[in-house]
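So the structure is just underneath, and the comments pick up after that.
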Amino acid sequence: MADTDNVKEAKNFYPEVPTENKPFFLKGSNALGWGMQNRLSRVFNPRSGRTVMLAIDHGYFMGPTTGLERVDINIVPLLGDCTALMLTRGMLRSTISSSFGGGVVIRASGGPSILKELSNEQIAVGIEDAVRMNVSAMAVQVFIGGEFESQSIHNLTRLVDLGNKYGLPILAVTAVGKDMNRDAKYLRLACRICAELGAHILKTYYVPEGFETVTASCPVPIVMAGGKKLPELDALKMAHDAVDQGACGVDMGRNIFQSDSSSAMIQAVGKVVHEGMKPQQAYQLYQDLKNEQSQVVVDG
Ligand code: 5RP
């Protein structure tokens with residue numbers, strides 16, 4: 001029984017202090033439910049409002065690509081430096097510790113390999129399994145203008161219905177076919193279609209001309225896709241310019257795990273994204289960290 005002797009009587013209800021009613025920190029996400037917002041707070045850092053999402057899902061259509069031959073050796077040491085991890089459920093269950101505290105964005109579309117028509121994807125993860133893994137979001141590829149455009153849009157809308165039912169955000173990845181112009185006009189079209197159809201987050205490429213029109217015309221957060229490996233300074237400049245022009249962070253793979261020092265690179269990207277560090281300074285940090293690490297190897 002609760003002890004009721006000597007109960008302190010004084011109570012303070014702070015009647016003069018109105019209860020705060022803060023808007024949710026992410027663009028376009030204010031009307032979402034608590035569970036959905038809580039999951040988004042694992043994908044994006046609520047302090048900076050941005051994410052460094054580490055993309056390692058390439059194996060779902062490319063197999064063991066360069067840098068991802070051994071996720072246990074090459075990727076696991078980087079986990080403390082990313083806000084969220086984007087990967088397949090196979091790699092999550094087999095290789096990532098369930099004590100990982102960052103956001104998990106599960107690759108939820110797939111089907112064709114690099115040997116076939118890539119736009120011919122289907123939904124590849126059931127919502128119940130996503131809930132079972134306690135993931136923070138599900139990612140689906142959308143091929144606007146691609147051969148299987150409608151099918152990929154149907155994958156998105158089906159997942160959005162399920163995501164809304166279970167409180168799971170859906171990230172739409174805008175794939176750009178080889179024969180398409182990767183320009184602001186195309187990306188505005190692709191991102192806006194996905195957002196209109198209910199995607200909660202967009203992943204799209206950076207373009208030097210007019211990227212701010214892509215972010216401005218998309219009502220939900222955009223994260224910048226990394227793309228093929230660039231020299232580190234160029235990748236840092238691209239990340240800097242993308243967040244400066246309205247992206248809520250990056251979702252980078254090869255530009256991190258194919259770097260000469262993936263650990264130094266992810267830390268430098270983190271400074272750019274979360275703290276607005278200038279690219280040249282971040283590049284200097286990358287080099288310093290890389291040199292420190294090689295020193296440890298030599299000394300050790
Ligand atoms: C395909 C994908 C990826 O598999 C991956 O996330 C790409 O990452 P990056 O281009 O930065 O290596 O989204 O379109």
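General remarks:
- Criterion (of a type in the set (Asp, Glu) and within 13 Å of the ligand (Cβ to nearest atom)) met by exactly one of 244, 251, 234: 251
- Only a single criterion out of (1) modelled with pLDDT of 95 or more; (2) surrounded by 19 or more Cβ atoms within 10 Å (Cβ to Cβ); (3) in contact with a strand residue (DSSP E or B) (Cβ under 8 Å, 6 or more places away or on another chain) is not satisfied by residue 133, namely (2).
- Count - residues of the stretch 230-253 that are in a loop (DSSP other than H, G, I, E, B), at negative phi and under 18 Å from the mean Cα position of the chain (by Cα): 4
- Remark: residue 193 matches the filter, which requires a residue to be touching a residue at least 40 places away in the same chain (Cβ under 8 Å), more than 21 Å from residue 60 (Cβ to Cβ) and not acidic (Asp, Glu).
- Boolean, residue 221 is modelled with pLDDT of 95 or more, more than 20 Å from the chain's Cα centre (by Cα), more than 13 Å from the ligand (Cβ to nearest atom) and of a type outside the set (S, T, N, Q): no
- Helices (runs of 4 or more DSSP H) contained in the stretch 27-98 and holding at least 2 residues among the basic types (Lys, Arg), within 16 Å of the ligand (Cβ to nearest atom) and more than 23 Å from residue 124 (Cβ to Cβ): none
- In the stretch 117-129, the residue that is surrounded by the most Cβ atoms within 10 Å (Cβ to Cβ) out of those that are in contact with a Lys or Arg (Cβ under 8 Å, 6 or more places away or on another chain) and among the hydrophobic types (A, V, I, L, M, F, W, C) is 125.
- For the stretch 59-93, a residue qualifies if it is in contact (Cβ under 8 Å) with a residue 60 or more places away in the chain and over 13 Å from residue 253 (Cα atoms), and the qualifying residues are 60, 77, 81, 83.
- Which listed residue is touching a residue at least 12 places away in the same chain (Cβ under 8 Å) and either part of a strand (DSSP E or B) or surrounded by 19 or more Cβ atoms within 10 Å (Cβ to Cβ) (or both), from 106, 114: 106
- Any hit, the stretch 218-233, residues being of a type in the set (Gly, Ala, Ser) and under 23 Å from residue 28 (Cα atoms): yes
- Scope the stretch 152-176; condition crowded, with 16+ Cβ neighbours inside 10 Å and part of a loop (DSSP other than H, G, I, E, B); matching residues: 168, 169, 175, 176
- Number of the exception - residue 138 against (1) over 18 Å from residue 117 (Cα atoms); (2) more than 16 Å from the ligand (Cβ to nearest atom): (2)
- Filter pass, residue 101 being in a helix (DSSP H, G or I), under 16 Å from the mean Cα position of the chain (by Cα), within 29 Å of residue 48 (Cα to Cα) and not hydroxyl-bearing (Ser, Thr, Tyr): no
- Remark: pairs (first residue in the stretch 47-58, touching a residue at least 12 places away in the same chain (Cβ under 8 Å); second residue acidic (Asp, Glu) and part of a strand (DSSP E or B); Cβ separation under 6 Å; 6+ apart in sequence or on different chains) = 53/251; 55/251.
- Selected residue (criterion: farthest from residue 75 (Cα to Cα)) from residues of the stretch 213-270 that are of a type in the set (Lys, Arg) and buried (at least 18 other Cβ atoms within 10 Å of the Cβ): 237
- Boolean, residue 207 is assigned to a loop (DSSP other than H, G, I, E, B), touching a His at 6+ places or on another chain (Cβ under 8 Å), under 26 Å from residue 146 (Cβ atoms) and at pLDDT 95 or above: no
- Looking across the stretch 271-300, the residues that are within 19 Å of residue 73 (Cβ to Cβ) and polar (S, T, N, Q) come down to 293, 294.
The values are calculated or read from the model by the stated rules, or taken from the named source; none is laboratory data. Since this is a predicted model, take the numbers as computed values, not measurements. Positions of Cβ are backbone-derived with ideal geometry, glycine not excepted, and every protein chain shown enters the neighbour counts.
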